[in-house]
1. Output yes when any residue across segment 333-346 is more than 30 Å from the chain's Cα centre (by Cα) and of a type in the set (Lys, Arg), and no when none is.
2. Applying the selection to segment 4-31, what residues are within 21 Å of the chain's Cα centre (by Cα) and open to solvent by 40 Å² or more (accessible area, probe 1.4 Å)?
3. Determine if segment 54-68 includes at least one residue that is more than 26 Å from LEU369 (Cα to Cα), out of contact with any Leu (no Cβ under 8 Å at 6 or more places or on another chain), assigned to a loop (DSSP other than H, G, I, E, B) and open to solvent by 40 Å² or more (accessible area, probe 1.4 Å).
4. For segment 36-49, indicate whether the set of residues that are outside any helix (DSSP H, G or I), under 24 Å from LEU360 (Cβ atoms) and more than 21 Å from the chain's Cα centre (by Cα) is non-empty.
5. Take the residues of segment 382-402 that are open to solvent by 60 Å² or more (accessible area, probe 1.4 Å) and acidic (Asp, Glu): which is nearest to the chain's Cα centre (by Cα)?
6. Being under 30 Å from GLU176 (Cβ atoms), of a type outside the set (Val, Ile, Thr) and open to solvent by less than 50 Å² (accessible area, probe 1.4 Å) narrows it down to one of ALA44, ALA130, ALA34, so name that one.
7. Consider only pairs whose beta carbons are under 7 Å apart and that are at least six residues apart or on different chains; among these, list those whose first residue lies in segment 70-83 and is within 15 Å of PHE329 (Cα to Cα) and whose second residue is in a helix (DSSP H, G or I) and open to solvent by 20 Å² or more (accessible area, probe 1.4 Å).
8. Name the residue, out of SER76, SER111, SER88, that is open to solvent by 10 Å² or more (accessible area, probe 1.4 Å), within 20 Å of the chain's Cα centre (by Cα) and more than 26 Å from PHE406 (Cα to Cα).
Amino acid sequence: MLDSATFLTPAQIVAELDKYIIGQHDAKRHVAIALRNRWRRLHAPLDMQREIVPNNILMIGSTGVGKTEIARRLASIANAPFTKVEASKFTEVGYVGRDVESMVRDLVEQSVNMVKQRRKEEVKSRAAQAVEDIILDALIPPVTGSGLAATKPSVGFGAEGALPDSDYELNERTREKFRLKIRNGELEDRKIDIQVQQNNTPGIGVMGGPAGMDEASMAGLQDMLGSMLPKKTRKRKVTIAEARKILLDEEAAKLIDMDEVKDEAIRQAENAGIIFIDEIDKVASRAGKGGGGGPDVSREGVQRDLLPIVEGSAVSTKYGIIHTDHILFIAAGAFHVAKPSDLIPELQGRFPIRVELQSLTKDDFFCILKDPKNALTKQYEALLQAEEVQLSFDDAALERLAEIAFEVNSEVENIGARRLHTVMSRLLNDILFDVPDVIGAHAQIQITKDLVEERLRDMVRNRDLSQYIL
């Protein structure tokens, strides 16, 4: 967490990114510095914290070179709220420049969910105890009263083997035996009746809504109306295993103070939030400085709507007001047709750090197939391991796969590392289909260079076919 006493250094952040992303060292260095600077700001003197603004980053590179993955992994390392939007969605008909603040609301929603999940983990043991009591009450209802029934004299029994003196004591002993069985998982398949809360909010709608009411106000109005209605419950007959899952969420929610969650979530979003704006080049005006009409007017309008959010403004959400001054914005685009200089000057100035990501080489493809923790080869090995089939790849086979992917990218369309998904799928489709019917459990499959040549021969030779593969 960014607010902890210690945090990863830039070199350690780059090392973490290297586990998942091959190459692009300049981009990794810049985002590592930006992330470390966020930690530094939170530990600076209070009077300076407000003055230090993040250096937003503009990534320039073709598709499939790792722009989105770098931003997503960065948020994961920082355990920070993260949301990804496409700038082009604000250029759709009827949506031009409309409610670009929705990306900030998405960020707050993500932050609330993260804080709520963390709080649920903190109260999990208390919630589990409450769930156990509810399940026990459904199995063996407690005896009401203080157990003042007439006692029977014990004849010839010691203290340990004495008969229960009352119905209350007998009920308590039975409940303790069943509590032990519940904890040991002996009754997981037994069905019980439980009361489950119904959500009232989905049934509420405001027709049209008052003029000028934005999305956040509408959501807040719906929440308010939902909270005014009495909570309804309904009876469900489920197994104890299912009841434990259903009730655990309900009981944990009762132990969480939502006001504290909202305050912490907004604070986290303001100080640690990351918004990734993809396809920023699609809203760049290609008409240049000479003006122009039609869609270029729309594009510039979207840029001007984005500008106050990136500069820093107050955005209303259903959880409260959030200030965007210290949110880190990372924009990305291929810029094949438009150029970064085609963005309006004010928006250019809000992305002072520009990083150009390099196109992937054949060697990069080989490393992508072999080194990352989430490499495609390791994913397919894990898939077949579920069928108890051992899959392995020769280095020569990986080199040939990398070479084929690079050639197809060069000749058809450069889609970066995503081409590897196409190549691997075509290579392994027959194997994935034959397991487990033809290829049974405990089989060992070795992917060799010859097998790659045999399966992908047509893909390499026939360029016309290659363009229809994806």
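The values are calculated or read from the model by the stated rules, or taken from the named source; none is laboratory data. Since we're looking at a predicted model, the values are computed, not measured. Every residue, glycine among them, receives a Cβ derived from its backbone with ideal geometry; neighbour counts consider all protein chains shown. Side chains included, ligands, DNA and RNA excluded: accessible areas come from the protein's heavy atoms. Shrake-Rupley method; radii C 1.70, N 1.55, O 1.52, S 1.80 Å.
1. yes
2. GLU16, ASP18, LYS19, TYR20 - these are the residues of segment 4-31 that are within 21 Å of the chain's Cα centre (by Cα) and open to solvent by 40 Å² or more (accessible area, probe 1.4 Å).
3. There is at least one residue in segment 54-68 that is more than 26 Å from LEU369 (Cα to Cα), out of contact with any Leu (no Cβ under 8 Å at 6 or more places or on another chain), assigned to a loop (DSSP other than H, G, I, E, B) and open to solvent by 40 Å² or more (accessible area, probe 1.4 Å).
4. Step one: list which residues in segment 36-49 are outside any helix (DSSP H, G or I), which gives 43-45.
With under 24 Å from LEU360 (Cβ atoms) added as a condition, the list becomes none.
No.
5. To start, the set of residues in segment 382-402 that are open to solvent by 60 Å² or more (accessible area, probe 1.4 Å) comprises 382-383, 385-388, 390, 395, 399.
Then drop every residue that is not acidic (Asp, Glu), which leaves 387-388, 395, 399.
On the way: GLU387: 28, GLU388: 30, ASP395: 33, GLU399: 33 Å.
Looking at residues that are open to solvent by 60 Å² or more (accessible area, probe 1.4 Å) and acidic (Asp, Glu), I get GLU387.
6. Values: ALA44 fails: under 30 Å from GLU176 (Cβ atoms); ALA34 fails: under 30 Å from GLU176 (Cβ atoms).
Of the residues listed, the single one that is under 30 Å from GLU176 (Cβ atoms), of a type outside the set (Val, Ile, Thr) and open to solvent by less than 50 Å² (accessible area, probe 1.4 Å) is ALA130.
7. PRO81/GLN110; PRO81/MET114; PRO81/GLN268; PHE82/ARG72; PHE82/GLN110; THR83/ASP106; THR83/GLN110
8. Working: SER111 fails: open to solvent by 10 Å² or more (accessible area, probe 1.4 Å); SER88 fails: within 20 Å of the chain's Cα centre (by Cα).
After applying the criteria, what remains is SER76.
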